[in-house]
Structures are given as C-alpha cells and as structure tokens.
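The values are calculated or read from the model by the stated rules, or taken from the named source; none is laboratory data. Bear in mind that the values here come from a model prediction, so they are computed numbers and not experimental data. As a convention, Cβ positions derive from the backbone with ideal geometry for all residues, glycine included, and neighbour counts pool all protein chains shown. Side chains included, ligands, DNA and RNA excluded: accessible areas come from the protein's heavy atoms. Shrake-Rupley method; radii C 1.70, N 1.55, O 1.52, S 1.80 Å.
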Amino acid sequence: MKIRVRYAPSPTGLQHIGGIRTALFNYLFAHSLGGKFILRLEDTDRTRFDESYVKNLYDTFNWLGFKWNEGPDTGGPCSPYIQSERTDLYKKYAQELLDNGQAYYCFCSSERIEEVRKKREAERSSETGYDRLCRSIDPDEAAKRAAVIKSGAGKTGESCTVRLKIPLGEKTIFQDQLLGDIEWLNDDINPDPVLLKSDGFPTYHLANVVDDHLMEVSHVLRAQEWLASTPLHVIMYRAFGWTPPEFCHLPMVMGQDGKKLSKRHGATSIDEFAKQGYLPEALLNYIALLGASYEESSDSKHPEIYTLDELARLFSLKKLNKAPAVFDYKKLEWYNGQYIRMKSDEELAQLCLPYAIKVGLFGGTLLKNNEDGEELTEQQRKMFLASMSLVKERLVFLNEAPEKIAYLFKEPVIPAKEEFIPKKADLAKTIELLQIGKEIVKELAQAGSDEQAENFIKAEAEKREIKLGDLMMPLRVAITGSRVSPPLFGSLRILGEECSLRRVQRSLDYLTSTH
Ligand code: GLU
C-alpha cells in the first residue's frame, strides 16, 4: 500500500500545539514507512480566512524545520493543494451525488433554519439541526429551480445549497486504528449536512472527502475532535463508491487540570514559544511525546532526546496512547535546557544574539538595531561568544541569556553594603577580604582555566587562613553586582584584569565611604 498522509489546516488561526502535533505525527508516520506527507490548505471558510494565518503557517514550519513532500509551495502530482483553487472540482462531485440521488438541493433560507432551531429550542425538542424539509422535493423540479451549481453564463435560479442525503434507519461502522470499531446510528448524525454552500464554495466535509480521495490519502491521522465527522465522511465515501482511507483519531492534548489545552494554560501558539526563547528541536521533541511513546533513543546518555530522523524511525501507530496527553510546560522547559546545553558556544551565541540586541545589551554602540548584529564591535562579539560558556548550563530559555550576562557589558549597579558581607563577617572584615581579592585579581583574570584560577584562590585562602567562600563573596558581588551569578573565574577572564580591577576598586570606594 502506498502511504500518503496529509496535514490539512484551515487558515483561520495561528498554528498551535495541537495542530503541530497532528502535522508531526503525520510526518513521522509517512517517514517511518517511506510514504509521502502532504500539506493541503483547507481555506473554504472565507469568513474566518485570513492571509496572515497562511504566512504564520509557513513561518512556523520554516522555524520548526520539517517539511512536506507535496504542498502549495512545493507542488506535486495533485496540485493545486489549496482548496479555494479547486472549487470547480467540488461542484462536479456535488453534481455527481445529486445525479445518483445521494444529495439534494435545499432552498431553505438561513432565516428559516434559524426559526426551526428556535422553535425546537422553545419546545425543548431532542431533535437538532436541519429538519430535512427539502429532502422530499422532486429532484427534477429542484434541479430546475436551483442556481447553485448551474449558475454563471446567463443562468438564473433560486439560491440554494446542496445537502447530503444521509440514509436513515441504518448504522455506519468504521474502524479507527487507535480506538477500534466505531458505530454510529445514522439518525444521530448531524441531519443532512450542507456539502455545497449557496456561494458555490464547498463545506469542509465535501472538500475534505473529495480531496482525500483525489490525493490518494491512505491514512487520515487527525485530532479526536473530528471523530464525530467521520461517520458522515464514511457515508460520503460510500455514496461516491470510493474506499475510505484508514482513520486514526489522535488523543486529545489537555492542560494539567484535565481541560483541553488552551491559552488559559500558557502559550499554545508556536510563535509564542519561539518568542519566549524555545528551540524548535526541543518543542518538536516534546510534542512528539504527546500521546505516543518510543523505544529509547540511541543516545544512551540522553535516552529521552530524539532527533527528528530517529523519531521517524521509531514512530508506530501501535505506540499511540488512547488516554489524553497532558501538556507539561515544566517538562518542555527541561527539554529546552537540554537542547541548549547540546549547542556549541558559537551556535548558542548566534541563537541568543537577536534577543540580546532586542533588549539593547550592547547599549549605544549598536548604531542600527541590526538583527544580524553587524554593528557589534569585534570586542563585543568576542565577549558575547565567550560569555556563552558561563550561562549555557543555567539557561532554560534563550531570552534569559542577555539578562544573565548583562553585567559583563554594562557596569552593574553596586548593591547595598550588606550584600557584600559574608556570613559571620562584618563590614571591616569584608573590606579586608575585598582588598585581598584586589591583590589577586590579576592572577585570576589571567589564569588559563577555571581550574587554575580555583587552585590559585584556594591556595591564597589557605595561606591567609580564611574561608574560600568568604574570600569569593565580596569579589563576586564587586564583579557581577550580585551574590548569585554565573561563574566568577570565567567572568574575571572575560572582563580582563583592567576592567575587573576597576570594578573592585569602585566597590572598595563605596564600602569604605560613609554613605
Ligand atoms: N481543516 C480541518 C482542520 O482545520 C482538517 C481536519 C481533518 O484533518 O480532516 O483541522
């Protein structure tokens, strides 16, 4: 069997976790079996369509770094892959169902349909949806009245829609690859849904089924919220005399409170994650786990870290979970930290630079707010690169880097005197400790490695019979402006002897001053 799957978003919103999980599982499934992954734009809902959502779709996938084999931009044997460019096709297929008696024209106005709804509501009727009034109109008479398909060149007619004639008194049964046999009473299905709207545009149901058939989609992997539409689709496949694809409805993605994941839980749209400083690899790795499990990855040190290729090799519908997946922001953060630590200093610098420029880390020396950082001086570039090794182990998000290393680029504000004072010491003792610090700054700043610097300061502390921590604390505060900071020795090395000495002196002046 040729494996062909598709991601079929409607550009009516930003790309979010749920959609990307669907896209990713389709991609992984296709690649696990040497199949093809298709992107199809389902843009027939013209009232909610917005071009910016199409842009967001492409931007998101560019950022995430996985791609379809066939789609609007890549082309392919089933072009066009945009439904609004295929409207003639849908009309043709709606006509086919009209001709074989599986669909009918409906002339009811939206006002009438609303009246029916209100009346039923008032009567507390258990019936919902359309009351099938036009189902009994003689098809020949209806065809004469209808304008919907035959409109155009000189034809006029009554405004109408085309509805599916659901066979009543029967059951529709289909197999879901994850949920097993699903049975639905046809009388319980949304009564005779519209296939073709009065503006000649298809509804989701018609366009989706026609395209899945014409694009030879072998498996439909989609979110469980579409499960209720599937019996209807199966009825349509039968009405056309086509074999339906295999269906697999993916487990829901929930927040920690068991409710469907939404903005209330935190970021859900992918561009928000990107802005917050997530790495695409981390996001993809985590999303791949939402409702699926995999054998351990080949990286024995990091069994939970998977490359996209590895996920594609290990993905199997058999490893999907029926239970809803819970989106755990903390776990995603953990992944982000892991991926940050796997970056080289050069890679990390490149990733963090836009965030640094944005918050003005390099101050007025940046002439233009140039995202490439072309205006950085050589010295700033070098310092920025060197500073990566100081923060790599501490970052959860890329956008935290500028704040953590800000003290290297701007003299930190000198904190209150108490901040300099180690436990059990007083101000006089602290000044003494910082004076010793000043004497050894040169050796520390010029040490070849952290280890050498540490050995040196340890020996000094021992020689002078003071605790290492007590010697380091005032020095750390003087250099970094804080008791908690990235590694001191690395900071001294990056700042260099002159700048470090200046900072120590500044703090000494302050500590010895009377204010
Ligand atoms: N256009 C639908 C959506 O927005 C596609 C659902 C399906 O995969 O059938 O998700």
remark   = For Glu158, the lone unmet condition from (1) at pLDDT 90 or above; (2) touching a strand residue (DSSP E or B) at 6+ places or on another chain (Cβ under 8 Å); (3) buried (at least 16 other Cβ atoms within 10 Å of the Cβ); (4) closer than 30 Å to Ser84 by Cα is (3)
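For (1) within 12 Å of the ligand (Cβ to nearest atom); (2) more than 30 Å from Lys318 (Cβ to Cβ); (3) free of Cβ contacts under 8 Å to residues at least 12 places away in the same chain, each residue gets a yes or a no:
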| position | (1), (2), (3) |
| --- | --- |
| Pro11 | yes, yes, no |
| His16 | yes, no, no |
| Ser32 | no, no, no |
| Asp45 | yes, yes, no |
| Gln83 | yes, yes, no |
| Glu96 | no, yes, no |
| Cys108 | no, yes, no |
note = Subset of the range 445-461, residues over 43 Å from the mean Cα position of the chain (by Cα), more than 24 Å from Arg502 (Cβ to Cβ) and open to solvent by 70 Å² or more (accessible area, probe 1.4 Å), comes to Asn455, Lys458
message = Checking Met236 against (1) within 14 Å of the ligand (Cβ to nearest atom); (2) under 32 Å from the mean Cα position of the chain (by Cα): exactly one of these is not met. Which one?
response = (2)
ask   = When you look at Ile38, is it farther than 17 Å from Gln83 by Cβ, at pLDDT 95 or above and either among the aliphatic types (A, V, I, L, M) or within 10 Å of the ligand (Cβ to nearest atom) (or both), yes or no?
value = no
ask   = Any chance the range 498-514 includes a residue that's within 17 Å of Lys438 (Cβ to Cβ), within 47 Å of the chain's Cα centre (by Cα) and aromatic (Phe, Trp, Tyr)?
value = no
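Inside the range 5-19, can you point out the residues that are in a loop (DSSP other than H, G, I, E, B), hydroxyl-bearing (Ser, Thr, Tyr) and touching a helix residue (DSSP H, G or I) at 6+ places or on another chain (Cβ under 7 Å)? I'd like the intermediate steps shown before the answer.
So the first thing to find is which residues in the range 5-19 are in a loop (DSSP other than H, G, I, E, B), and the list is 8-15.
Those left that are additionally hydroxyl-bearing (Ser, Thr, Tyr): 10, 12.
Across the range 5-19, the qualifying residue is only Thr12.
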ask   = Do any helices (runs of 4 or more DSSP H) lying entirely in the range 65-173 carry at least 3 residues that are more than 42 Å from the chain's Cα centre (by Cα) and within 22 Å of Gly200 (Cα to Cα), and which ones are they?
value = 139-145
remark   = Taking the range 222-233 and keeping only residues that are more than 9 Å from the ligand (Cβ to nearest atom) and within 22 Å of Ile17 (Cα to Cα), one is left with Gln224, Leu227, Ala228
message = Being at pLDDT 95 or above and outside any helix (DSSP H, G or I) narrows it down to one residue among Ser491, Ser500, Ser507, Ser482; which is it?
response = Ser482
remark   = Those residues of the range 403-434 which are at pLDDT 95 or above, in contact with a Leu (Cβ under 6 Å, 6 or more places away or on another chain) and under 30 Å from Thr377 (Cβ atoms) amount to none
ask   = Are any residues in the range 52-61 within 12 Å of the ligand (Cβ to nearest atom) and either over 23 Å from Arg264 (Cα atoms) or open to solvent by 10 Å² or more (accessible area, probe 1.4 Å) (or both), and if so, which ones?
value = Tyr53
request  = Please name all residue pairs, on different chains or six or more residues apart, with Cβ atoms under 9 Å, provided the first residue is in the range 207-232 and is over 20 Å from Asn321 (Cα atoms) and the second residue is more than 11 Å from the ligand (Cβ to nearest atom) and at pLDDT below 95.
outcome  = Ala207/Phe201; Ser218/Met1; Ser229/Asn190; Pro231/Asp188; Pro231/Ile189; Leu232/Ile189; Leu232/Asn190
request  = Please state which of the following conditions Thr268 fails to meet, knowing it meets all the rest: (1) under 25 Å from Leu14 (Cβ atoms); (2) in contact with a strand residue (DSSP E or B) (Cβ under 7 Å, 6 or more places away or on another chain); (3) at pLDDT below 95; (4) away from the ligand (no atom under 16 Å from the Cβ).
outcome  = (4)
inquiry  = Being part of a helix (DSSP H, G or I), more than 13 Å from Trp68 (Cβ to Cβ), hydrophobic (A, V, I, L, M, F, W, C) and within 12 Å of the ligand (Cβ to nearest atom) is true for just one of Phe25, Phe49. Which residue is that?
reply    = Phe25
inquiry  = Among the listed residues Ile182, Ile173, identify the single one that is in contact with an Asp or Glu (Cβ under 7 Å, 6 or more places away or on another chain) and either more than 16 Å from the ligand (Cβ to nearest atom) or at pLDDT below 95 (or both).
reply    = Ile173
query = Yes or no: Gln256 more than 20 Å from Ser84 (Cβ to Cβ), within 24 Å of the chain's Cα centre (by Cα) and within 12 Å of the ligand (Cβ to nearest atom)?
reply = no
request  = Collect the residues in the range 441-469 that are free of Cβ contacts under 8 Å to residues at least 40 places away in the same chain and touching a Phe, Trp or Tyr at 6+ places or on another chain (Cβ under 6 Å), keeping them in residue-number order.
outcome  = Glu443
request  = All but one of (1) touching a Leu at 6+ places or on another chain (Cβ under 8 Å); (2) more than 30 Å from Ile3 (Cα to Cα) hold for Cys134, so report the exception by its number.
outcome  = (1)
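Would you mind stating whether Leu195 is closer than 26 Å to Phe37 by Cβ and either modelled with pLDDT of 95 or more or away from the ligand (no atom under 16 Å from the Cβ) (or both)? I'd like the intermediate steps shown before the answer.
Values: closer than 26 Å to Phe37 by Cβ: no; either modelled with pLDDT of 95 or more or away from the ligand (no atom under 16 Å from the Cβ) (or both): yes.
So Leu195 does not fit the description; no.
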message = Looking only at the range 470-500, count every residue that is touching a residue at least 12 places away in the same chain (Cβ under 8 Å), more than 20 Å from Ser389 (Cβ to Cβ) and open to solvent by 50 Å² or more (accessible area, probe 1.4 Å) and tell me the total.
response = 1
query = Which one is nearest to the ligand (Cβ to nearest atom) among residues in the range 198-210 that are at pLDDT below 95 and closer than 17 Å to Glu85 by Cα?
reply = Phe201
